[in-house]
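The values are calculated or read from the model by the stated rules, or taken from the named source; none is laboratory data. Values in this document were obtained by computation on a predicted structure and should not be read as measured data. Cβ: placed from backbone, ideal geometry, glycine included. Neighbour counts: every protein chain shown.
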Amino acid sequence: AQALDFLRPAKAGKGVEAAYRTIRKEVPFMEDDRPLHPDIKKVRELLTSGEILKNVEKEVGEIRLK
């Protein structure tokens, strides 16, 4: 998400933007140095819960994971 912030106003694809929005709801832009462990933990939770996948699939349709 941080890299996309640096590339704004350019937009990524629909799926990437959906993942970005999901992450940014929970993890703020990193303005100054801070411990990253809480951010990493939150993103891990978003991934393992399926929240990111759910929001991406709303935009691009079903993604089959093998």
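Points worth noting:
- Of all residues making up the stretch 45-56, the number that are surrounded by 11 or more Cβ atoms within 10 Å (Cβ to Cβ) and either assigned to a loop (DSSP other than H, G, I, E, B) or not hydrophobic (A, V, I, L, M, F, W, C) (or both): 4
- Residue match in the stretch 5-28 (condition: in contact (Cβ under 8 Å) with a residue 12 or more places away in the chain, more than 29 Å from Gly61 (Cβ to Cβ), assigned to a loop (DSSP other than H, G, I, E, B) and of a type outside the set (Phe, Trp, Tyr)): no
- So Glu59, is it surrounded by 11 or more Cβ atoms within 10 Å (Cβ to Cβ), assigned to a helix (DSSP H, G or I) and more than 13 Å from the chain's Cα centre (by Cα): yes
- Residue tally, condition part of a helix (DSSP H, G or I), over 10 Å from the mean Cα position of the chain (by Cα) and in contact (Cβ under 8 Å) with a residue 12 or more places away in the chain, over the stretch 29-44: 2
- The condition (being in contact with a Ser or Thr (Cβ under 8 Å, 6 or more places away or on another chain) and not hydrophobic (A, V, I, L, M, F, W, C)) is satisfied by just one residue among Glu26, Glu57, Glu51, Glu62: Glu51.
- Residue within the stretch 19-29 that is surrounded by 14 or more Cβ atoms within 10 Å (Cβ to Cβ), modelled with pLDDT under 95 and small (Gly, Ala, Ser) present: no
- Just so you know, in the stretch 5-18 the residues that are of a type in the set (Lys, Arg) and more than 13 Å from the chain's Cα centre (by Cα) include one that is surrounded by the fewest Cβ atoms within 10 Å (Cβ to Cβ), and it is Arg8.
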